[in-house]
Amino acid sequence: MTDVKRRGVMLVLSSPSGAGKTTISRRLLGADDDLKLSVSVTTRAPRSGEVDGVDYHFIDRPKFDQLVRTGELLEHAEVFGHCYGTPAKGVEARLAAGQDVLFDIDWQGTQQLQHTARSDLATIFILPPSVRELERRLHIRAQDSDAVVRRRMEGAGRELDHWEEYDYVVINDDLDRAINEVRSILTAERLRRGRRTGVADYVGDLRRT
Ligand code: 5GP
């Protein structure tokens, strides 16, 4: 296979909670060695089954504030009363090595990255098939109290307002199809001319031979 050097993609997935973003991310990551999840920091408490350092880095508020102050986060935002942020560490090295990073972040974080890293980004908004289905999924997650589910349903409306700020929209009414669509987007984004830093050399070689 002809391997042309390229810069990695910052693939951003956003959605209202319950739209299936986490399931889609896991399936993508499990089947693609070149894609790694950016593990965010958060001040939220772990849900049962969540592992520190895998799902999130769970930290307290003073530590979070310190990371903000020292410029160690690429973006950060408050979501549902908790702080979340994306560690900068390691991201640039991965991109420079031609490897991709998946960011599961909200619209506020995406807006910040649009300002600081536009040319590296490919952003996807995942839509649920219906509001009723969204609510059902939030309830079957069953880890959050009714009050938390209610708050997240209210938040879903606000998150939905931002779909137009994204490069792509995927409707998750069929999980396999949605995953295939996200995969296709990633494949196409990897092929963007601007990211393929090795093409000039490749064409130079073609000319010489
Ligand atoms: P949850 O508490 O359900 O894990 O996440 C709540 C929301 O916070 C989700 O929409 C998720 O995408 C978003 N989120 C998770 N990590 C980050 C982050 O590092 N930055 C931003 N801006 N949002 C995040």
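The values are calculated or read from the model by the stated rules, or taken from the named source; none is laboratory data. In this text the structure is predicted, and so the values were computed from the model without any measurement. Note that each Cβ is placed from the backbone with ideal geometry, even for glycine, and that neighbours are counted across all protein chains shown. Each accessible area value is taken on the protein alone, full model and side chains, heavy atoms only, with ligands, DNA and RNA left out. Shrake-Rupley method; radii C 1.70, N 1.55, O 1.52, S 1.80 Å.
A compact table of results
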read-out	value
Degrees, to the nearest 10: 199-208 long Cα axis against longest axis of the chain	20
Whole-percent pair-distance distribution, where bins are 10 Å wide, for the alpha carbons of the chain	8, 32, 36, 17, 5, 2, 0
Rounded if a/c under 1.5, otherwise prolate or oblate - segment 85-189, Cα gyration tensor axes	prolate
With Cα atoms, 0 to 90° folded angle of helix 146-160 axis to the chain main axis	40
Neighbour net charge for residue 119 - beta-carbon separation under 10 angstrom, K R +1, D E -1	+3
Per-peptide average of other Cβ atoms within 10 Å, ordering 49-62, 184-197 highest first	184-197, 49-62
Gyration tensor verdict on segment 1-68 (Cα atoms; rounded if a/c is under 1.5, prolate if a/b is larger than b/c, oblate otherwise)	prolate
Alpha carbon convex hull of segment 93-134, projected area averaged over orientations, nm²	3.9
Cβ-based net charge around residue 129, under 13 Å, with every Lys or Arg adding one and every Asp or Glu removing one	0
Where segment 67-150 is the region considered: accessible area per residue in Å², 1.4 Å probe	51
Structure-based [θ]222 nm, the chain - -39500 (n - 2.57) summed over DSSP H runs of at least 4, per residue, nearest 500	-12500 deg cm²/dmol
Chymotrypsin sites (Phe, Trp or Tyr not before Pro) within segment 67-151: DSSP coil, no more than 14 neighbouring Cβ in 10 Å	80
Of every Cα-Cα pair in segment 136-203, the percent that sits beyond 17 Å	65
Accessible area of the chain belonging to carbon and sulfur atoms, whole % at 1.4 Å probe	50
Restricting segment 3-33 to trypsin sites (Lys or Arg not before Pro) in coil, as DSSP defines it, with at most 16 other Cβ within 10 Å	5
Surrounding net charge for residue 86, when Lys and Arg each add one and Asp and Glu each subtract one, Cβ distance under 12 Å	-3
Beta bridge orientation in the chain: antiparallel %, DSSP, nearest 5	30
Nearest-20 debye value, segment 68-196 charge dipole, Cβ charges on Lys, Arg, Asp, Glu	400
Most positive-pole-ward Cα, 88, 114, 71, against dipole of segment 38-116 from beta carbon charges	71
